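Okay, structure first, notes after.
The values are calculated or read from the model by the stated rules, or taken from the named source; none is laboratory data. In this text, all values refer to a predicted model and were calculated from it rather than measured experimentally. Quick reminder, even Gly has a Cβ in these numbers, built from the backbone with ideal geometry, and neighbours come from all protein chains shown.
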Amino acid sequence: MANQEKYTILYGRLSQEDDLKGDSNSIQNQRLLLEKYAKENGFTNVKFLYDDGYSGTNFNRPSWNELLGLIEQDQVETLIVKDLSRLGREYLQVGYYTEIFFPQKGIRFIAVNDGVDSLYESSNDFTPMRNWFNELHAKDSSKKVRAVKRMQAERGEILGGRPPYGYRRDESVRKGIVPDEETAPIVQRIFSLCAGGKGPNQIARILTQEQVLNPTNYYYRRTGAEHKSLDTSSPYRWTSSSVTGILDNRTYLGHMPGLRTTTLSYKNKKAVYHDESEQILVKNTHEALITQEQWDLVQELRQRKKRTPKQMEEPNLFSGLVFCADCGKPLVLHRAYTMEAVKNNFMCYTYKKRGKEVCSSHYIREHDLIRIILDDLRRVTHFARQKEVLFAEYINRKNSFELRKEMNGLQRELDAAKRRDSELTSLFKRLYEDNLLGRVTNEQFRMLSADYNDEQKALREAMPIKETRLQKLVDSASNVDAFIQRAKQYTEIRELTPEILRLFIARIEVGEKSTKYSRTAEQAIRIVYRDVGIMDSVEQVAAEDAENTEQENIA
């Protein structure tokens, strides 16, 4: 390009924060000012470029990148901006462009309102100071924005521009949301599929096959607003991450989680997720799409669910529920692609890994366990529906003793663990002193200290688990009413599903057969029902009730 054909670039930038301050920094205002300046000062072949909605600390802007491309192609002679802050608010980056890059490329740089013109050296004396003040302004603005976002989160307002999938903006409430009639049922179905044993990948495949619009494309078609992950060429392709994002979002409980993400700094806009303890959760701010019970069930299932081998499409129905009655380890499901389904079986994890010297097999076939659990579940739920008062009285009487026994046992274990932890700390201190005084050799110190540290580490890992279990027992000692309501809801249980299993059952313990390898030998199965604990034989309870009734009639 000949020199006279090079561009005079007029560049404007507007951030969201600038937009809130009024019209003085608007793109239109900047354009009028720059065109007037260019005309009055004889600049020709003018080209206006602008970036609307971009922070001054972000230099990855579309028009800015276009400008840099033109400069690299030697098509720019002069760059004019309203002021240095329009170029950017990052001190080092702006300094690099004005002090190094533009001079190297032979670009004349003018900041109109700041009186900066690189053609005249004296006009640049205060440029570094102005850049520094512009960056301080960006830093201060970032603090103010964070403070405003925290206040909005504490009020339970939705943060960001796009409502969660399944909701839409509430026109009657500022920054409120209401269920979206089109997508709310899809969210509910996603939770239902997960409760039924489907993982995020499986759910994503189902939604893709059924040609359900994915969240970004649905929002784009409804509002015209784009998103960085928008792919209009595959509008029906769901990903496991999209499903996981929905399953992790407590908004669907009717609560508003705030400050879920932040940025590293006002300079680095990379998103960082906050831990739940650092988030703000305002409860009951809008209509829920799922119940707390559904949420708890799904989260528990996702924690326990193991990845299913590709050749095994159906997940383990009892994943995370079945344990060895003797060693307490899980029972492992053994099935193979070449094996008949009727031969699928469970065996003790300890037995499989360490052999019969440590534990026995506790072998039970999968279809037998399904039959036993289904039969007992039907009988218990039928009894809970038909004899509500008797059922509640029996469970409350039984659980009051069993819960106290387990809670006392856990408390004793915790107290012992805390005492031992304190002892180990004292032992380590004495060992350290003895080593310094020469009473214990370095080799002895290393061996003993390693043993003490390992034991203490194991104790400190186990104590929070025991404390959580104890608190759970205290909080949910016995909720018979919840169990009875579920029994009324599921009046006809035709088959076992992961959802039904986890709604009613907390744990299954399988004992060893009284006679090994015998198909007819007795085998104890201990079923711990959710909210009511272990349920003795229904017939036994009913018989006791009948006997009591008969005695009352005789009397």
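For this structure, a couple of remarks:
- THR308 vs. criteria modelled with pLDDT under 75, surrounded by fewer than 13 Cβ atoms within 10 Å (Cβ to Cβ) and assigned to a loop (DSSP other than H, G, I, E, B): no
- Residue in segment 442-451 that is outside any strand (DSSP E or B), farther than 30 Å from SER360 by Cα, touching a Lys or Arg at 6+ places or on another chain (Cβ under 7 Å) and at pLDDT 85 or above present: no
- Hey, MET347 exposed (fewer than 15 other Cβ atoms within 10 Å of the Cβ) and aliphatic (A, V, I, L, M) or not: no
- Residue match in segment 369-391 (condition: outside the structural domain of CYS327 (by TED's automatic domain parsing), among the aromatic types (Phe, Trp, Tyr) and in a helix (DSSP H, G or I)): no
- Matching residues in segment 35-61 - criterion: being over 16 Å from LEU87 (Cβ atoms), surrounded by 14 or more Cβ atoms within 10 Å (Cβ to Cβ) and of a type in the set (D, E, K, R): GLU35, LYS47
- Some residue of segment 509-523 being part of a helix (DSSP H, G or I), assigned by TED's automatic domain parsing to the domain that holds CYS348 and modelled with pLDDT under 85: no
- Scope segment 174-199; condition surrounded by fewer than 17 Cβ atoms within 10 Å (Cβ to Cβ) and among the aliphatic types (A, V, I, L, M); matching residues: VAL178
- Applying the set (1) part of a loop (DSSP other than H, G, I, E, B); (2) in contact (Cβ under 8 Å) with a residue 12 or more places away in the chain; (3) acidic (Asp, Glu) to GLU492 leaves exactly one unmet item: (2).
- Answer from ARG146, ARG162, ARG108 - the residue that is at pLDDT below 70 and either more than 21 Å from ASP52 (Cβ to Cβ) or surrounded by fewer than 20 Cβ atoms within 10 Å (Cβ to Cβ) (or both): ARG146
- Residue selected from segment 191-237 under the condition aromatic (Phe, Trp, Tyr) and touching a Pro at 6+ places or on another chain (Cβ under 9 Å), by the criterion farthest from TYR252 (Cα to Cα): TYR220
- Qualifying position, being assigned to a helix (DSSP H, G or I), of a type outside the set (Val, Ile, Thr), modelled with pLDDT under 90 and within 17 Å of GLY12 (Cβ to Cβ), among ARG86, ARG31: ARG86
- One residue stands out among those in segment 236-272 that are of a type in the set (Phe, Trp, Tyr) and modelled with pLDDT of 90 or more: the one that is surrounded by the most Cβ atoms within 10 Å (Cβ to Cβ), which is TYR252.
- Odd one out for LEU331 among (1) of a type outside the set (S, T, N, Q); (2) at pLDDT 80 or above; (3) surrounded by fewer than 18 Cβ atoms within 10 Å (Cβ to Cβ): (3)
- Selection count where residues are in a helix (DSSP H, G or I) and within 35 Å of the chain's Cα centre (by Cα), scope segment 340-366: 5
- Residues (buried (at least 18 other Cβ atoms within 10 Å of the Cβ) and within 17 Å of GLN188 (Cβ to Cβ)) located in segment 215-235: PRO215
- Residue match in segment 222-232 (condition: in contact with a helix residue (DSSP H, G or I) (Cβ under 6 Å, 6 or more places away or on another chain), in the same structural domain as THR183 (by TED's automatic domain parsing), touching a residue at least 24 places away in the same chain (Cβ under 8 Å) and among the hydrophobic types (A, V, I, L, M, F, W, C)): no
- Qualifying residue in segment 413-426 (condition: at pLDDT below 85 and farther than 30 Å from PHE483 by Cα): no
- Residue match in segment 464-475 (condition: at pLDDT 85 or above and among the polar types (S, T, N, Q)): no
- Pairs, first of a type outside the set (S, T, N, Q) in segment 348-366, second surrounded by fewer than 18 Cβ atoms within 10 Å (Cβ to Cβ) and assigned to a helix (DSSP H, G or I), C-beta under 9 Å, six or more apart: ILE364/ILE372; ARG365/VAL342; ARG365/LYS343; GLU366/ALA341; GLU366/VAL342; GLU366/LYS343
- Complete set of residues in segment 414-445 that are closer than 30 Å to ARG469 by Cβ and aromatic (Phe, Trp, Tyr): PHE428
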